[in-house]
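Visitor: Quick one: structure below, then a few questions.
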Amino acid sequence: MTAPSTLKRTSTPDLSAGSPLQVAGSYPQSTGGLGEWWQRAACRDRNAELFFHSDHERGPSRAMRTAKAKAVCATCPVMALCRDYALAQPEPYGIWGGLDEQERAQILRQQVS
Ligand code: SF4
């Protein structure tokens, strides 16, 4: 799959946009072209706040939210596509494809070493 290059987040996302997919789609750089897999996402009707941490969220609260988001991803029929997309961007924030920011960064570091 070729990940769309028009949907890159470079700042903390605006969580008021709704679901994670709506947050992604709300970015000015986005011109769509995400492909039909987004239509099958398990998070399609979920609140984006589950998938993106707020500026001051730390500790157990963050760990609990992250675990809940990953649990949604674990049921998602397009998890592999989402993960590939997030790694290709790369997406700097949020839970994508069942991976958090640190996990994606580790994979990307391993890919270049
Ligand atoms: S893997 Fe997770 S973040 Fe990606 S589309 Fe599915 S539920 Fe949403």
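The values are calculated or read from the model by the stated rules, or taken from the named source; none is laboratory data. Given the structure is predicted, the values throughout are model-derived calculations rather than measurements. Cβ placement follows ideal geometry from the backbone for every residue including glycine, while neighbour counts extend to all protein chains displayed. We work out accessible area using only protein heavy atoms, side chains counted, and drop any ligands, DNA or RNA first. Shrake-Rupley method; radii C 1.70, N 1.55, O 1.52, S 1.80 Å.
Visitor: I want to check the label-to-label distance for ALA105 and ARG62. Put each point 7 Å from Cα in the C-beta direction and report it in nm to one decimal.
Guide: 1.0 nm
Visitor: By accessible area of protein heavy atoms, probe 1.4 Å, what ranking do GLU101, GLU49 get, highest first?
Guide: GLU49, GLU101
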